[in-house]
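Undergrad: Dumping the structure here so I can ask a few things about it.
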Amino acid sequence: MIDKIRTADRRRVGMLTSVGDRWRALTKWQQALGLAAFVAILYYLPLLGIPGLTWLRTDSIEGGNNWAGVLFVCAIYVLVAIGLNVVVGLAGLLDLGYIGFFAIGAYSVALFGSVNSPVVKWIQQEFNLPPTWAVTWAICLFIAIVLTMISGVLLGWPTLRLRGDYLAIVTLGFGEIIRIVARNATGLTNGPVGISAIPGPEGAPSPDNKVFGLIDAKPWYWLAITFVLIMVFLVRRLEHSRVGRAWLAVREDEDAAAVMGVYPFKFKLWAFAIGAALGGLSGFLFGSRNAFIDPTQFNANLSILFVAMVVVGGSGNMIGVSLGAVLLAYLPERFRDFADYRWLVFGLAMVLVMILRPQGLVPSRRRARELKDRAAEAEEAPAHV
Amino acid sequence: MHFDELIGHLGQHTVDGLSKGAIYALIALGYTLVYGVLRLINFAHSEVFMVGTFSVLILWTQLGVKNNPPVGQAILFLVLGLIVAAVASGGTALALERIAYRPLRRKNAPPLIFLITAIGLSLVFVELFGQVLPKLLGGVLPEAFGRPRQIVGMPTIIQQETLFTIGNTAITNIQLIVFVAAVAMMAVLDWFINRTRYGRGVRAVAQNPETAALMGVNQERVIMLIFVLGGIMAGAAALLWSMRFGFTQNSIGFVLGLKAFTAAVLGGIGNLRGALLGGLFLGIVEVYGATLFASNWEDVIAFVVLIVVLMFRPTGLLGESLGRARA
């Protein structure tokens, strides 16, 4: 029976890749038109009202529908998936501590932007600033990206020389360290109490805010999707550049890449830093939308969820990982009545996808070919473990 | 920083650390055995341990064990607990190997895929014991699965009491049992791997799978054997944990597994004696660190130690070969 499933699956993969081929066969202006229509649909999405699809039971609004809120979560998860895809999919480094970068992004807007944070209070005292003073949102964005990039480099510097599977465990430890520090360092982060009044683009949350309020999530979604589109464009450029090719070379055979003059450590560190910055950006948006964060929002399970998004979607393929992110963010909201079982379902889905289709739902062609080669090798030499 | 406290009660903290590290070491053996032969981090091994604690819990509650039974009964309960936990954990480990890892091995999948499968399995087990079994069996076994995802207490088999004191260091009966039992289990395992025919097969496959196969070693059987052995050690750890701490929870595996893996890496993964050394070292470092700073920094200390050791000695304290372990 399992063979039957596999043959059917191979056919479906073939169909998916042929869609890609057809897309590439289109003329340039047809592609542009298609993309424009897709982007327009993305921006129109929160206004959509299809019963069954967009009517979601959420706990954030009393008995009501929070379609735009769920879309916002999907969008920031897509950002995470794109960032993690650079690390896992392109450079082939398994990072199980991605939540750490997400948390650093969220905490940087909280620590520097909120009047309730110990850091802002300390700056106010040192420089005799008024008690309403805090760093503005746009500068917090900058701080968040810089801080996460630095932390990515700091984590990567000692650990990227390790073998792949050691790296996974060390990064898992890193995620836990960040969470525990956020919980224990009360003087810096308010500890378990958390930080409130985190600003949005219009400043600290207040009823006077016209666009970015606490209730209406639509503007937040539009903001997030704009970031997503910019980042997709940038990462795509990077993927097809010299750096992107170096990542693939390092992923496929580190020694061969080194022989060819690609210094693996440097490019791995770059992948780590860029991935971290994207995670930080996502966390930044999460923090400013929520207006309140505490350490319990950043536990290790989320790291595993992030990896699941990339792997289930199809690591190495940006469309695939985005689909994975949207699925894993949307489905639990849609089926909230079964929310208790969602981790069970994630676990089962991860195992099944890995056994039946290790290249992911929407596979990257290169990766699929690689796995096929390995399987063929295994058939030639059955004694190999 | 509480240097006075640490220096003043150095012996006490060392003893505490040793008895804590002994449990880490037992779990670390499972990681080390599997890694030594397959070069695979069995991330789901922490759940093998968790299943062991639950089997002990179910056994004791079903036998109607009360707190502080007489000595004869206590020994009987412990021995029964050891058998049940070893069977449950060993069986779980074997099932993991057969159901998940074997199909992947057949396809010669890259290590990343093994690791992600293992993470998925780990999630499945945590949820199985946190959500599914409480719903299914909550009525039949209320003492074990009454409250989903909550900490479940176990009966106290042995009352903790001080056996003897050396200077200002008090050694309790439980600490002594945990330490001696763990070291004894490890000595038996060490003897098994280094002295018996089966052990020779394991070492041969660890050194060179192809040559071992040519020499007539049944690889599949060796792989099953190491998973079962790792599972039995985790089962023993589960019993010692249940006796010492007297509680379990569906999610206890995560942090404990991470630390046991840290211990395995510290000693040199794939090296049995390294696992013992790494476990005891980690236990001591953790207790010292918790005393110096505060106990809520304990986990951070463990992970920082892991990163530092990997930076300066990536192959661990004793080096990392199962086949050539001398130490």
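Nothing in this text is a laboratory measurement; each read-out follows from the coordinates by a stated rule. Bear in mind that the values here come from a model prediction, so they are computed numbers and not experimental data. In this analysis, Cβ positions are derived from the backbone assuming ideal geometry, glycine residues included, and neighbour counts consider all displayed protein chains.
Undergrad: I'd like the mean, over residues of A:352-361, of how many other protein chain beta carbons sit within 10 Å of each residue's own Cβ.
TA: 4
Undergrad: Now, a different point. Per DSSP H run of n ≥ 4, the term is -39500 (n - 2.57); total these for chain B, divide by its residue number, and report the mean residue ellipticity at 222 nm rounded to 500 deg cm²/dmol.
TA: Helices in chain B give a 222 nm mean residue ellipticity of -23000 deg cm²/dmol.
Undergrad: Largest first and in whole Å, what are the equivalent-ellipsoid semi-axes of region A:57-197 based on the Cα gyration tensor, each being the root of 5 times an eigenvalue?
TA: That gives 29, 23, 14 Å for the three semi-axes.
Undergrad: Still on this model: Using the Cα gyration tensor of region A:146-280, with a ≥ b ≥ c the square roots of its eigenvalues, what is the shape: rounded (a/c below 1.5), prolate (a/b larger than b/c) or oblate (neither)?
TA: Oblate is the answer for region A:146-280, as a/c is 1.5 or above yet b/c matches or exceeds a/b.
Undergrad: Here is a further query. Give me, ordered by chain and number, the residues 5 or more places off B:A170 or on other chains with an amide H under 5 Å from its own placed amide H.
TA: Here the answer is none, since no amide H 5 or more places off falls under 5 Å of that of B:A170.
Undergrad: Given H placed 1.01 Å from N in the peptide plane, which residues other than close sequence neighbours of A:I293 have an amide H under 5 Å from its amide H?
TA: Answer set, sorted by chain and number: A:I195.
Undergrad: Can you sort A:S18, A:S364 by how many other beta carbons sit within 10 Å, fewest first?
TA: Sorted ascending by nearby Cβ count, the order is A:S18, A:S364.
Undergrad: Here is a further query. Would you list B:H9, B:H2 from fewest to most Cβ contacts within 10 Å?
TA: By the 10 Å Cβ count, ascending: B:H2, B:H9.
Undergrad: Sticking with this one: Which whole-Hz couplings ³J(HN,Hα) result when phi for each residue of region A:125-138 is put into the Karplus expression 6.51 cos²θ - 1.76 cosθ + 1.60, θ = phi - 60°, listed in order with x for Gly and Pro?
TA: For region A:125-138, the Karplus curve yields 5, 5, 10, 6, 8, x, x, 8, 6, 7, 5, 6, 4, 5 Hz.
Undergrad: Oh, and also: Which shape class, rounded, prolate or oblate, goes with chain B when its Cα gyration tensor gives a ≥ b ≥ c as root eigenvalues, a/c under 1.5 marks rounded, and past that a/b bigger than b/c marks prolate?
TA: In terms of gyration-tensor shape, oblate.
Undergrad: For chain B, give the magnitude of the charge dipole about the Cα centre (Cβ charges: +1 Lys/Arg, -1 Asp/Glu; no others), in debye to the nearest 20.
TA: It comes to approximately 1160 debye.
Undergrad: Relative contact order (percent) for chain A, with alpha-carbon contacts under 8 angstrom and 6 or more residues of separation?
TA: In percent, rounded to a whole number, it is 27.
Undergrad: Something else: Please give every one of the lysines within straight-line cross-link reach of A:K372, meaning a C-alpha to C-alpha distance under 20 Å, and leave out same-chain neighbours fewer than 8 residues apart.
TA: Filter leaves A:K4, B:K107.
Undergrad: Taking H placed 1.01 Å from N in the peptide plane, check which residues at least 5 places from B:F247 or on another chain put their amide H under 5 Å from its amide H.
TA: Residues meeting the criterion, in which the H sits 1.01 Å from N, are B:M154.
Undergrad: Next question. Select from B:M215, B:M243, B:M186 the residue whose mean-square fluctuation is largest in a Gaussian network model of chain B (Cα-Cα springs shorter than 10 Å).
TA: B:M215
Undergrad: Using Cα springs under 10 Å in a Gaussian network model of chain A, which residue among A:P332, A:P131, A:P363 shows the largest mean-square fluctuation?
TA: Ranking A:P332, A:P131, A:P363 by mean-square fluctuation puts A:P131 first.
Undergrad: For region A:256-263, what does the Karplus curve 6.51 cos²θ - 1.76 cosθ + 1.60, with θ = phi - 60°, yield as ³J(HN,Hα) per residue in whole Hz, taken in order and with x for Gly and Pro?
TA: 4, 4, 4, 4, 7, x, 9, 7
Undergrad: Taking beta carbons within 10 Å but only from partner chains, what does the mean come to for residues B:296-306?
TA: 4
Undergrad: While we're on this one: Just to confirm a number: summing +1 for Lys and Arg and -1 for Asp and Glu over residues other than A:E370 whose beta-carbon lies under 13 angstrom from that of A:E370, what do you get?
TA: Every neighbour counted, the sum reads +4.
Undergrad: Provide B:V178, B:V265 in ascending order of the number of other Cβ atoms located within 10 Å of each residue's Cβ, fewest first.
TA: Least crowded to most crowded, the residues run B:V178, B:V265.
Undergrad: Can you report the principal axis dimensions of chain A using only the alpha carbons, biggest first, rounded to whole angstrom?
TA: Projected onto the principal axes, the Cα atoms of chain A cover 73, 51, 45 Å.
Undergrad: Show me A:100-111, B:71-82, B:271-282, B:296-307 ranked by packing, highest mean number of other Cβ atoms within 10 Å first.
TA: A:100-111, B:271-282, B:296-307, B:71-82
Undergrad: Next question. What number, in percent, do you get for the relative contact order of region A:72-300 if the mean sequence gap of Cα pairs under 8 Å and at least 6 apart is divided by its residue count?
TA: 42 percent
Undergrad: Semi-axes, largest first, in whole Å: what does sqrt of 5 times each Cα gyration tensor eigenvalue give for region A:72-300?
TA: Ellipsoid half-lengths, sorted descending, are 33, 20, 14 Å.
Undergrad: Moving to a separate point now. Would you compute, from DSSP H runs of 4+ residues alone, the mean residue ellipticity of chain A at 222 nm, taking -39500 (n - 2.57) per run and dividing by the full residue count, rounded to the nearest 500?
TA: Taking each H run of at least 4 residues, the total per residue is -22500 deg cm²/dmol.
Undergrad: Here's a follow-up. Straight-line reach only, C-alpha to C-alpha below 18 angstrom: list the aspartates and glutamates that A:K266 could link to, leaving out same-chain residues fewer than 8 apart.
TA: Excluding near neighbours in sequence, the set is A:D95, A:E239, A:E252, A:D253, A:E254, A:D255.
Undergrad: If you average 1/r over all unlike Cα pairs in region B:107-251 and invert the result, what Kirkwood radius do you get in angstrom?
TA: By the Kirkwood definition, the hydrodynamic radius is 19.0 Å.
Undergrad: Follow-up. Connecting C-alpha atoms closer than 10 Å in a GNM of chain B, tell me which of B:E97, B:E220, B:E286 has the biggest fluctuation.
TA: B:E220
Undergrad: Let me ask something additional. Which one, A:L90, A:N116, A:W133, is farthest towards the positive end of the dipole of region A:72-300 when Lys and Arg carry +1 and Asp and Glu -1 on their Cβ?
TA: A:L90
Undergrad: Can you run phi through the Karplus equation (6.51, -1.76, 1.60; θ = phi - 60°) for region A:87-100 and list ³J(HN,Hα) in whole Hz, with x for Gly and Pro?
TA: Couplings: 6, 7, x, 8, 8, x, 10, 7, 10, 9, x, 4, 4, x Hz.
Undergrad: So, one more: Span-like helices, chain B: DSSP H, alpha-carbon axial extent 18 Å or more, mean Kyte-Doolittle 1.6 or greater, which ones?
TA: Once both thresholds are applied, what remains is B:71-96, B:111-127, B:252-267, B:298-312.
Undergrad: Shifting gears a bit: Measuring from label point to label point, each 7 Å out along Cα→Cβ, what is the A:V232 to A:Q30 span in nm?
TA: 2.0 nm
Undergrad: Mind checking which of A:V232, A:G14, A:G175 is farthest towards the positive end of chain A's charge dipole, using Cβ charges of +1 (Lys, Arg) and -1 (Asp, Glu) about the Cα centre?
TA: Of A:V232, A:G14, A:G175, it is A:G14.
Undergrad: Now a separate question. Can you give the average number of partner chain beta-carbon atoms within 10 Å of each beta-carbon in peptide A:221-228, as a whole number?
TA: Mean shielding by partner chains, rounded to a whole number: 0.
Undergrad: Under a straight-distance cross-link criterion of Cα-Cα below 20 Å, which aspartates and glutamates are reachable from B:K135, leaving out those fewer than 8 residues away in the same chain?
TA: Partners within reach: A:D337, A:D340, B:E47, B:E127, B:E143.
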